[in-house]
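Here the structure is laid out as structure tokens; the discussion comes afterwards.
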Amino acid sequence: MATLTYIGHSAFYIKTENNGILIDPFISQNPKAKFDENSLITDIFVTHGHGDHLGDAISLSRKTKAQITAVFELANYCARQGAFANGAGIGGKLKFSWGSAKFLPAFHSSSTPDDTYAGMPASILFDIDGTKIYHAGDNCLNQEMKTLAEVYKPDIALLPVGSHFTMDIDDAVIAAKWIGAKKVIPMHYNTFGLIEADIDDFKSKLEKENIETIILNPSEGIEF
Ligand code: NI
Ligand code: MN
């Protein structure tokens with residue numbers, strides 16, 4: 001049994017029997033984020049270089065020695081800042097003791113807070129003890145999502161819905177259908193004014209499509 005806990009914005013924490021996996025750890029700069037600082041952290045994943053995703057990754061890696069896995073250019077940037085980093089390419093399968101991760105396309109942009117080029121932005125497909133969790137990163141609606149349903153068949157999809165920088169609710173409903181996940185958890189909304197979303201509207205639209213929608217407040221999670 002493992003748990004997937006929402007921290008806030010696009011940040012999640014996955015706890016397996018022996019590992020603690022952080023994704024897009026935007027914590028100390030997000031007043032709405034909730035995360036127990038004593039949690040075990042063994043792995044950190046970052047979808048792209050923007051500050052609301054890179055977040056505390058570098059300082060947490062320095063402190064805990066957890067490895068940051070990110071696209072090659074962003075991983076090199078993290079390593080130059082003293083983090084433990086593991087460079088990934090889009091499409092390669094990365095193996096871990098808890099399963100695997102595969103970086104997949106995200107149509108967005110990627111630079112670090114000091115404007116360093118950070119390679120391609122990504123979404124990430126995790127396979128954790130056989131459960132497939134797809135974190136869409138800061139994605140837009142795009143045809144690549146159909147590949148998820150056709151080839152990878154994720155169980156749970158974490159989708160941005162806040163618009164302005166990513167998909168909005170209506171595009172995310174289409175994305176959810178194209179991805180084919182049984183369960184959808186929305187993210188990247190209501191953190192600040194530009195990305196406000198009516199999340200109950202999202203839930204009712206998705207449930208008309210018979211897709212289970214799980215709305216999590218920061219610190220809430222699910223078992224899988
Ligand atoms: Ni971004
Ligand atoms: Mn973002």
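If you check Ile169 against the conditions, is it touching a residue at least 60 places away in the same chain (Cβ under 8 Å), open to solvent by less than 60 Å² (accessible area, probe 1.4 Å) and among the aliphatic types (A, V, I, L, M)?
Judged against the criteria, Ile169 is not a match.
For the structure I just gave you, tell me whether Pro154 is farther than 21 Å from Gln67 by Cβ, more than 13 Å from the chain's Cα centre (by Cα), surrounded by 20 or more Cβ atoms within 10 Å (Cβ to Cβ) and not small (Gly, Ala, Ser).
yes
One residue is enough: does segment 21-41 have a residue meeting the conditions hydroxyl-bearing (Ser, Thr, Tyr) and farther than 22 Å from Gly193 by Cβ?
The answer is yes, given that some residue of segment 21-41 is hydroxyl-bearing (Ser, Thr, Tyr) and farther than 22 Å from Gly193 by Cβ.
Kindly provide the set of residues from segment 181-201 that are surrounded by 18 or more Cβ atoms within 10 Å (Cβ to Cβ) and farther than 24 Å from Phe35 by Cβ, ordered by number.
Answer for segment 181-201, where residues must be surrounded by 18 or more Cβ atoms within 10 Å (Cβ to Cβ) and farther than 24 Å from Phe35 by Cβ: just Ala181.
Taking the condition of being buried (at least 23 other Cβ atoms within 10 Å of the Cβ) and not in a strand (DSSP E or B), how many residues in segment 157-166 meet it?
Summing the residues that are buried (at least 23 other Cβ atoms within 10 Å of the Cβ) and not in a strand (DSSP E or B) in segment 157-166 gives 3.
Would you confirm, using the coordinates I've provided, whether Lys177 is under 30 Å from Lys93 (Cα atoms) and either part of a helix (DSSP H, G or I) or open to solvent by 80 Å² or more (accessible area, probe 1.4 Å) (or both)?
Yes.
Name the residue that is nearest to ligand 2 (Cβ to nearest atom), counting only residues in segment 96-146 that are β-branched (Val, Ile, Thr) and closer than 22 Å to Asp168 by Cα.
Step by step, filter segment 96-146, then rank; the result is Ile124.
Tell me which of these Thr191 doesn't satisfy, since it passes every other one: (1) in contact with a Lys or Arg (Cβ under 8 Å, 6 or more places away or on another chain); (2) touching a residue at least 40 places away in the same chain (Cβ under 8 Å); (3) away from ligand 2 (no atom under 16 Å from the Cβ); (4) part of a loop (DSSP other than H, G, I, E, B).
Result: Thr191 passes all but (3).
The values are calculated or read from the model by the stated rules, or taken from the named source; none is laboratory data. No experiment lies behind these values; they were computed from the predicted model shown. Here the Cβ is made from the backbone with ideal geometry for all residues, glycine too, and neighbour counts use every protein chain on show. The accessibility values were calculated without ligands, DNA or RNA, using every heavy atom of the protein model including side chains. Shrake-Rupley method; radii C 1.70, N 1.55, O 1.52, S 1.80 Å.
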